[in-house]
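For reference, the structure is listed below as structure tokens.
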Amino acid sequence: QVQLVESGGGLVQAGGSLLLSCAASGRTMSSYAWFRQAPGKEREFVAVVSLSGGITRYADSVKGRFTISRDNAKNTVFLQMNSLKPEDTAVYYCAGGSRWLETRPDQYNYWGQGTQVTVSA
């Protein structure tokens, strides 16, 4: 069984930064990803990182501002978010899956409970 626990969300002004963490327990997954869901919208892909941490993919909306990374020794995945915008406001979810670098939420088997990120104008 895999458990994922996110932390690091909060309220920040536009232009600010936040670091999200996802602590994973159980077996190591091939890919870990971050998704987000704003009120009234579908869950959308944000970023994904490979097993080694050497390959990453990002949604166009966050490229150049967000960085995903993983520390396999600590079984933790991070999402560094810089230059935050009000449209980044959402609940952010960590997900783990056995397929490589998937961007579709239905390809992930394990999910955290989510952490709220609110960016004020």
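Observations on the structure shown:
- Where Val2 falls short, out of the listed (1) touching a Gly at 6+ places or on another chain (Cβ under 6 Å); (2) of a type in the set (Val, Ile, Thr); (3) crowded, with 22+ Cβ neighbours inside 10 Å: (3)
- Close pairs (8 angstrom Cβ cut-off, 6 or more residues apart or separate chains): under 22 Å from Gln107 (Cβ atoms) and touching a residue at least 24 places away in the same chain (Cβ under 8 Å) in region 11-31, of a type in the set (Lys, Arg) and surrounded by 12 or more Cβ atoms within 10 Å (Cβ to Cβ) anywhere: Ser30/Arg99; Ser31/Arg99
- Strands (runs of 3 or more DSSP E) wholly inside region 14-121 that include at least 1 residues being open to solvent by 20 Å² or more (accessible area, probe 1.4 Å) and more than 23 Å from Gln3 (Cα to Cα): 56-58, 115-120
The values are calculated or read from the model by the stated rules, or taken from the named source; none is laboratory data. Quick caveat, the model's predicted, so the values are computed rather than measured. Counting neighbours? That spans all protein chains shown, and the Cβs are built from the backbone with ideal geometry, glycine included. For the accessible areas, the whole protein counts, side chains as well, though only heavy atoms, and no ligand, DNA or RNA atoms are used. Shrake-Rupley method; radii C 1.70, N 1.55, O 1.52, S 1.80 Å.
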